[in-house]
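The values are calculated or read from the model by the stated rules, or taken from the named source; none is laboratory data. Keep in mind the model is a prediction, meaning the values are calculated, not measured. Note: ideal-geometry Cβ built from the backbone for every residue, glycine included; neighbour counts use all protein chains shown.
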Amino acid sequence: MQLVLASSSPYRRDLLSRLGVFFHTDAPDVDEAALPNEDPEDLVARLAQSKARAVGQRHPDALIIGSDQVAVFGSTVLTKPHTTERAIEQLSQMRGTTVNFLTGVCLLNTRSQRCQVAVERCAVTFRSLSDAAIAAYVARERPLDCAGSFKSEGLGIALFERIVANDPTILVGLPLIRLVTMLTTEGVDLLTPRPAAH
């Protein structure tokens, strides 16, 4: 079956490519706003599934991967900052504290309509950063399309004191360990040798 990543994110595309499988990308058109009083865990689970189902309508015989992520700081959900000012504000709030990142992942089989959904959690403790360090980081890496205002696969790692997670890829936005389990359930064995191309 065709494998489709329901995302336009270059970070998720790079993560999925680590598995050595051929896949297509197809960007979903989904409203990412939270529902009234929606729990952050329910939000990322719903959006991961919504993205997979939106793309799945265009691929009737495929495995569709949907994913979504939010950062939770106290009772506040931090989303993508989109502006330099908002990125600086987010990082300033988080310095010296621990923030939970929730990443929802969905694997939809459009042939059988089986839908697997999971939410993975990662706790990140930030260093006590100066205003100058935060401003310099945002100017250098421009993390305006990243939940929490950093790129952990780049210089953003310098912002952290500690990361606690079952899977380091949770933080980047596509939990590969959980995804491999889901793919295995669908009969995709990533470790079986493939015949050489001729």
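Of note:
- Within the range 55-78, being at pLDDT 95 or above and out of contact with any strand residue (DSSP E or B) (no Cβ under 8 Å at 6 or more places or on another chain) holds for Gln57, Arg58.
- For the range 178-193, a tally of residues being in a helix (DSSP H, G or I) and in contact (Cβ under 8 Å) with a residue 24 or more places away in the chain returns 6.
- In the range 142-175, residue surrounded by the fewest Cβ atoms within 10 Å (Cβ to Cβ) [restricted to those that are in contact with a strand residue (DSSP E or B) (Cβ under 9 Å, 6 or more places away or on another chain) and assigned to a helix (DSSP H, G or I)]: Ile157
- Cross-chain or 6+ apart pairs with Cβ under 9 Å, the range 46-66 first and in a loop (DSSP other than H, G, I, E, B), then basic (Lys, Arg): Pro60/Arg111; Asp61/Arg111
- Within the range 16-27, residues that are on the phi < 0 side of the Ramachandran plot and at pLDDT 95 or above have Cβ atoms under 8 Å from residues that are basic (Lys, Arg) and in a loop (DSSP other than H, G, I, E, B) in these pairs: Asp26/Arg58, counting only partners at least 6 apart in sequence or on another chain.
- Arg114 being modelled with pLDDT under 95 and of a type in the set (Lys, Arg): no
- Applying the condition of being out of contact with any Asp or Glu (no Cβ under 9 Å at 6 or more places or on another chain) and in a loop (DSSP other than H, G, I, E, B) to the range 126-141 and asking which residue is nearest to Leu15 (Cα to Cα) yields Leu129.
- The set of residues from the range 21-41 being within 16 Å of Gly173 (Cα to Cα) and either charged (D, E, K, R) or loosely packed, with under 14 Cβ neighbours inside 10 Å (or both) comprises Ala27, Glu32, Glu41.
- Near pairs, Cβ below 9 angstrom, 6+ apart or cross-chain, from the range 68-94 (closer than 10 Å to Gly148 by Cα) to any residue that is among the basic types (Lys, Arg) and at pLDDT 90 or above: Lys80/Arg86; Ala87/Arg142
- Restricting attention to the range 174-193 and to residues that are modelled with pLDDT under 95 and β-branched (Val, Ile, Thr), the residue that is nearest to Asp61 (Cα to Cα) turns out to be Val188.
- Of the residues making up the range 167-187, those that are polar (S, T, N, Q) and touching a helix residue (DSSP H, G or I) at 6+ places or on another chain (Cβ under 7 Å) number 1.
- Residue list for the range 60-79, restricted to those being buried (at least 19 other Cβ atoms within 10 Å of the Cβ) and farther than 30 Å from Ser92 by Cβ: Ala62, Leu63, Ile64, Ile65, Gly66
- Failed item, numbered, when Ala123 is tested on (1) among the aliphatic types (A, V, I, L, M); (2) touching a strand residue (DSSP E or B) at 6+ places or on another chain (Cβ under 8 Å); (3) more than 20 Å from Ser9 (Cβ to Cβ); (4) in a helix (DSSP H, G or I): (4)
- Test result for Leu16, in a helix (DSSP H, G or I), of a type in the set (A, V, I, L, M, F, W, C) and surrounded by 18 or more Cβ atoms within 10 Å (Cβ to Cβ): yes
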